[in-house]
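Chemist: Take a look at this one; I'll ask things after.
The values are calculated or read from the model by the stated rules, or taken from the named source; none is laboratory data. Fair warning: this is a prediction, and the values are worked out from it, not measured in the lab. All Cβ positions, even for glycine, are placed from backbone atoms using ideal geometry, and neighbour counts span all protein chains on display.
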Amino acid sequence: MRYKKILLILLTGMIFTGCSKDTESSSPLPDLDSIIEQENSSAPESETEAETEAFSENIYYLTSHQTDDSANLTKFRSHLETDGFVWNECGISEIPADADILIYNFPKEDLSSEEYQLLKEYADRGGDILLFLPASDSEVRYKFLNLFLESFSIQIDYDNITIPEQDADWVVLQTIEMPDRMTAYDDSMQTTPVYMQKIRSFHMLGNYATDELFIDVMLQTPEFVIGEPFGGTEDDPVTYENEKLDILLYSRDAIRNNASVIACGANDFLLDENFDSDISKGAQNWIYSSLFWFCNYDAYQ
């Protein structure tokens, strides 16, 4: 329609300027195809939509104190990288400024006083830590690691959780709740049973709740388990019976720029040898959800 109007204007102009058969100086009228070609060549190119920035978060896997070898976690690492996380490794004394999340996976020794201070400074900047600390018969006492966790109102227990009169290695856990801004990693997450083995429990300190510190349990045992003394150096270790024990906890400190800690009392479900087992999927989904929960709060800092 636009080009027909252009042609009509040109024809009308010929009439009003007295064009006739004997006007030899008149230029030939351009044909419609040439007009269309000229219009297309002068039209501005359409703007392309800006590309959406890809998700990217720097994970640093801590290697200090004989943590589990990352060579046994290749499937876990690959899954995280597929989701957009960037996997790095470093010692506690080498934590870089761009570290978004630290994974501290089953250290076999306690922190030094200097490392405790470095982790504290990292948390004070709003850093996030995912700690795996399964049951162990080692006599190591996590004095400084426990001191760090206590700043988030979490306390380490020295126990191994079993089901009385049963040979089953895996314990099915009960879902308590998700923290604010945590979303399920998978649609079936709320219905998929969560199994763990070689489990240690944690305790929330009695005066944990404040206006700035938000802490609660996400996964818990049923009441019929026993938390038998296991490892550590306690002279009078405690046996936990007839109570629900906390296995996966979160704590977020709003004053420290939403610095957050998630403590998990098992890690076998992440190892390459167990990773593809159906029995591991439920626990894995909670870990993926936890990592993205860190990111959701980082975005508001």
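Chemist: Just to be sure, is Arg200 of a type in the set (D, E, K, R), part of a loop (DSSP other than H, G, I, E, B), farther than 12 Å from Ala283 by Cβ and over 22 Å from the mean Cα position of the chain (by Cα)? Can you show your working first?
Modeler: Values: of a type in the set (D, E, K, R): yes; part of a loop (DSSP other than H, G, I, E, B): yes; farther than 12 Å from Ala283 by Cβ: yes; over 22 Å from the mean Cα position of the chain (by Cα): yes.
Yes; evaluated as a whole, the condition is true for this residue.
Chemist: Given the condition within 19 Å of the chain's Cα centre (by Cα), touching a residue at least 24 places away in the same chain (Cβ under 8 Å), within 30 Å of Arg125 (Cβ to Cβ) and not in a loop (DSSP other than H, G, I, E, B), answer yes or no: does some residue in the range 231-246 qualify? Can you show your working first?
Modeler: Initially, the range 231-246 is screened for residues within 19 Å of the chain's Cα centre (by Cα), giving none.
So far as the range 231-246 goes, no, none of its residues is within 19 Å of the chain's Cα centre (by Cα), touching a residue at least 24 places away in the same chain (Cβ under 8 Å), within 30 Å of Arg125 (Cβ to Cβ) and not in a loop (DSSP other than H, G, I, E, B).
Chemist: Moving on. In this structure, does Phe269 turn out to be touching a Pro at 6+ places or on another chain (Cβ under 9 Å), among the aromatic types (Phe, Trp, Tyr) and more than 16 Å from Asp157 (Cβ to Cβ)?
Modeler: No; evaluated as a whole, the condition is false for this residue.
Chemist: I'd like the residue in the range 175-188 that is in contact with a strand residue (DSSP E or B) (Cβ under 9 Å, 6 or more places away or on another chain) and either assigned to a loop (DSSP other than H, G, I, E, B) or basic (Lys, Arg) (or both) and, out of all such residues, is farthest from Gly282 (Cα to Cα).
Modeler: First, the residues of the range 175-188 that are in contact with a strand residue (DSSP E or B) (Cβ under 9 Å, 6 or more places away or on another chain): 175-180, 182.
Still in the running and either assigned to a loop (DSSP other than H, G, I, E, B) or basic (Lys, Arg) (or both): 176-180, 182.
Numbers: Ile176: 14, Glu177: 15, Met178: 14, Pro179: 17, Asp180: 20, Met182: 16 Å.
Filtering the range 175-188 for residues that are in contact with a strand residue (DSSP E or B) (Cβ under 9 Å, 6 or more places away or on another chain) and either assigned to a loop (DSSP other than H, G, I, E, B) or basic (Lys, Arg) (or both), the one farthest from Gly282 (Cα to Cα) comes out as Asp180.
Every residue, every condition in (1) over 24 Å from Arg200 (Cα atoms); (2) crowded, with 19+ Cβ neighbours inside 10 Å; (3) under 25 Å from the mean Cα position of the chain (by Cα), yes or no:
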| residue | (1), (2), (3) |
| --- | --- |
| Ile103 | no, yes, yes |
| Pro107 | no, yes, yes |
| Lys120 | no, no, yes |
| Asp124 | yes, no, yes |
| Leu130 | no, yes, yes |
| Leu133 | no, yes, yes |
| Ser136 | no, no, no |
| Glu139 | no, no, no |
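Chemist: Could you please find all residues in the range 84-99 being aliphatic (A, V, I, L, M) and assigned to a helix (DSSP H, G or I)? If you could, list the steps in order and put the result at the bottom.
Modeler: Going through the range 84-99, the residues aliphatic (A, V, I, L, M) turn out to be 86, 92, 95, 97, 99.
Ile92, the sole residue that qualifies.
Chemist: Right, something else. Is it fair to say Ile161 is within 24 Å of Ile287 (Cβ to Cβ) and either over 25 Å from the mean Cα position of the chain (by Cα) or of a type in the set (Gly, Ala, Ser) (or both)?
Modeler: Numbers: within 24 Å of Ile287 (Cβ to Cβ): yes; either over 25 Å from the mean Cα position of the chain (by Cα) or of a type in the set (Gly, Ala, Ser) (or both): yes.
Against the criterion (within 24 Å of Ile287 (Cβ to Cβ) and either over 25 Å from the mean Cα position of the chain (by Cα) or of a type in the set (Gly, Ala, Ser) (or both)), Ile161 qualifies.
Chemist: Okay, moving on. When the range 152-174 is examined, which residues are found to be surrounded by fewer than 19 Cβ atoms within 10 Å (Cβ to Cβ) and assigned to a loop (DSSP other than H, G, I, E, B)?
Modeler: Ile163, Pro164, Glu165, Gln166, Asp167, Ala168, Asp169
Chemist: Quick one: which residue in Ile262, Ile215, Ile279 is in a strand (DSSP E or B) and under 23 Å from Ser78 (Cα atoms)? Walk me through it before giving the result.
Modeler: On the way: Ile215 fails: under 23 Å from Ser78 (Cα atoms); Ile279 fails: in a strand (DSSP E or B).
From the options Ile262, Ile215, Ile279, the qualifying one is Ile262.
Chemist: Of all residues in the range 100-121, which are assigned to a loop (DSSP other than H, G, I, E, B) and small (Gly, Ala, Ser)?
Modeler: Ser112
Chemist: Ok, one more. Got at least one residue in the range 27-46 being within 18 Å of the chain's Cα centre (by Cα), at pLDDT below 95, polar (S, T, N, Q) and in a loop (DSSP other than H, G, I, E, B)? Walk me through how you get there before you give the answer.
Modeler: The initial filter retains those residues of the range 27-46 that are within 18 Å of the chain's Cα centre (by Cα), namely none.
No.
Chemist: Looking at Phe76, is it more than 19 Å from Leu271 (Cα to Cα) and assigned to a helix (DSSP H, G or I)?
Modeler: Values: more than 19 Å from Leu271 (Cα to Cα): no; assigned to a helix (DSSP H, G or I): yes.
So Phe76 fails the test.
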